[in-house]
Amino acid sequence: MGGDPQFDPDQILTRKAFENAISVIMAVGGSTNAVLHLLAIASAAGVDLTLSDFETIRDRVPVLCDLKPSGRYVTVNLHQAGGIPQVMKMLLAHDLLHGDALTITGKTIAEVLADVPPEPPADQDVIRPWDNPMYDRGHLVILRGNLATEGGVAKISGVKKPKITGPARVFESEEACLEAILAKKIKAGDVIVVRYEGPKGGPGMREMLAPTSAIIGAGLGDSVGLITDGRFSGGTYGMVVGHVAPEAAVGGAIALVEEGDSITIDAPGRLLQLEVSEKELARRCANWQPKPPRYTKGVLAKYAKLVSSSSVGAVTDS
């Protein structure tokens, strides 16, 4: 490397680095996928990171960027306005980044950002000034309740109704859900359940971009909820909750939901609740039988056997 400094990955992938990454994701309004991927990377790096850390950082980091799908601008506009360095410098100036964390350049975060101004340019509105953020708190919410005892992840930026209680509309796959939406069988107030799309059930957690896009196209984006043990694209918008764990394939409560059951999604209250009694849930659990695996040999069969819960990053070596 011609005399460049050499570092081991564990000198860069530290607890401080992961906290910095979460802070930046919150500030730019990033994808729910960041939760899954950062948990997995932290696991590989031997860093103790949990869903609770995302909630802790969410409470103190505002959303500074007006970006799609809930906002107006795209990534190239962010780059032209100063990009990630500008956002990071704003966070650093307000003690929300660890400036002493090492980067791959051999310099610390503070050193890399030394020449970046602490406030964004005045002639743009992609990156908001610190005293006028898009949202006072981060947009990625960890929901828990009897439907997600290990947690679920919602992105609430731009959501007009962050709380909904409605009848469950249950689908065993993404395709079945999409077919129902296109056939106009989903009504305002419904809570769609797409299950058996988790790490084991998928296997592999497909992105639910088609159903969520179809909901928006049907004009139901602000009046329908959706929960899934699968995950979402960064282009997803609306009152949707992914990464619901435990997943259906292992008998999680999402597998026990029946058509017409009342479900509450309460983002401000951080709650995902199936409104049936514990006695009834226990009865359903006792009668539940796992579905046959979609693959019985090959890489996907091996993956399904090895993969862990999405709540710890869907890793295969735990």
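The values are calculated or read from the model by the stated rules, or taken from the named source; none is laboratory data. Fair warning: this is a prediction, and the values are worked out from it, not measured in the lab. A quick note on method: Cβ atoms are made from the backbone with ideal geometry, for glycine too, and the neighbour counts reach across all protein chains shown. Side chains included, ligands, DNA and RNA excluded: accessible areas come from the protein's heavy atoms. Shrake-Rupley method; radii C 1.70, N 1.55, O 1.52, S 1.80 Å.
Tabulated data for the structure shown
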{"quantity": "Within the stretch 166-223, considering residues that are within 21 Å of the chain's Cα centre (by Cα) and of a type in the set (V, I, T), the one most open to solvent (accessible area, probe 1.4 Å)", "calculated": "I216"}
{"quantity": "Filter pass, V159 being open to solvent by less than 30 Å² (accessible area, probe 1.4 Å), outside any strand (DSSP E or B), closer than 20 Å to L220 by Cβ and touching a residue at least 60 places away in the same chain (Cβ under 8 Å)", "calculated": "yes"}
{"quantity": "Residue ID - modelled with the lowest pLDDT, chosen from residues in the stretch 305-318 that are of a type in the set (G, A, S) and assigned to a loop (DSSP other than H, G, I, E, B)", "calculated": "S318"}
{"quantity": "Lone unmet requirement of (1) farther than 30 Å from A314 by Cβ; (2) part of a helix (DSSP H, G or I); (3) open to solvent by 20 Å² or more (accessible area, probe 1.4 Å) for V116", "calculated": "(2)"}
{"quantity": "In the stretch 173-186, the residues that are in a loop (DSSP other than H, G, I, E, B) and over 29 Å from F54 (Cα atoms)", "calculated": "A183, K184, K185, I186"}
{"quantity": "Qualifying positions in the stretch 51-87 - polar (S, T, N, Q) and in contact (Cβ under 8 Å) with a residue 60 or more places away in the chain", "calculated": "S52, S70"}
{"quantity": "Any hit, the stretch 46-56, residues being in a loop (DSSP other than H, G, I, E, B), open to solvent by 80 Å² or more (accessible area, probe 1.4 Å) and modelled with pLDDT of 95 or more", "calculated": "yes"}
{"quantity": "Any hit, the stretch 283-304, residues being touching a residue at least 60 places away in the same chain (Cβ under 8 Å), in a loop (DSSP other than H, G, I, E, B) and open to solvent by less than 20 Å² (accessible area, probe 1.4 Å)", "calculated": "no"}
{"quantity": "Residue pairs meeting the criteria (Cβ under 9 Å; at least 6 apart or on separate chains; first on the phi > 0 side of the Ramachandran plot and charged (D, E, K, R), in the stretch 255-276; second in a loop (DSSP other than H, G, I, E, B) and surrounded by 18 or more Cβ atoms within 10 Å (Cβ to Cβ))", "calculated": "none"}
{"quantity": "Within the stretch 225-250, tally of residues that are without any contact (Cβ under 8 Å) to a residue 60 or more places away in the chain and over 14 Å from T32 (Cα atoms)", "calculated": "4"}
{"quantity": "Number of the condition not met by S31 [criteria: (1) modelled with pLDDT of 95 or more; (2) under 21 Å from V312 (Cβ atoms); (3) out of contact with any Pro (no Cβ under 9 Å at 6 or more places or on another chain)]", "calculated": "(1)"}
{"quantity": "Total residues in the stretch 125-145, condition more than 15 Å from the chain's Cα centre (by Cα), open to solvent by 40 Å² or more (accessible area, probe 1.4 Å) and farther than 18 Å from A21 by Cβ", "calculated": "9"}
{"quantity": "Residues being acidic (D, E) and in a loop (DSSP other than H, G, I, E, B) - total across the stretch 131-156", "calculated": "2"}
{"quantity": "Checking P167 against (1) under 14 Å from V241 (Cα atoms); (2) part of a strand (DSSP E or B), the condition it does not meet", "calculated": "(1)"}
{"quantity": "Matching residues, the stretch 78-102, being on the phi < 0 side of the Ramachandran plot, surrounded by fewer than 16 Cβ atoms within 10 Å (Cβ to Cβ) and not in a helix (DSSP H, G or I)", "calculated": "H94, D100"}
{"quantity": "Any hit, the stretch 64-73, residues being within 23 Å of the chain's Cα centre (by Cα), at pLDDT 95 or above and of a type in the set (S, T, N, Q)", "calculated": "no"}
{"quantity": "Residues (open to solvent by 50 Å² or more (accessible area, probe 1.4 Å) and either polar (S, T, N, Q) or part of a loop (DSSP other than H, G, I, E, B) (or both)) located in the stretch 5-42", "calculated": "P5, Q6, F7, D8, Q11, L13"}
{"quantity": "Residues (surrounded by 24 or more Cβ atoms within 10 Å (Cβ to Cβ), on the phi < 0 side of the Ramachandran plot and not hydrophobic (A, V, I, L, M, F, W, C)) located in the stretch 224-251", "calculated": "G225, T228, D229, G230, R231, T236, G242, E247"}
